[in-house]
């Protein structure tokens, strides 16, 4: 899966959780990624983050960073 698709998906997840309190939203984004993205997707997202992940919203970035750190 390419980085643009991963960024789009992460941003969609973050958009869903935007109405929630910030810390709760970050945790829920991370949990969603852990629960539903396979290890290859998480590994590809780690590479995407290391390359700057341009286009990733701030909220999505926080959730993704929490998810891939686990």
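Just to confirm my numbers, what's the Cα centroid distance between region 11-35 and region 40-70 in Å?
Using only Cα atoms, the two centres lie 13 Å from each other.
In degrees between 0 and 90, to the nearest 10, how far off the longest principal axis of the chain does helix 22-36 point, with axes built from Cα atoms?
So the helix axis and the longest Cα principal axis differ by about 40 degrees.
Give me Rg over Rh for the chain, both radii from the alpha carbons and Rh done the Kirkwood way, two decimal places. Walk me through the intermediate numbers first.
Details: Rg = 10.6 Å, Rh = 11.5 Å.
Looking at the chain, the ratio lands at 0.92.
No value in this document is a laboratory result; all are computed from the given coordinates. On a predicted model such as this, the values are computed, not experimentally measured, just so you know.
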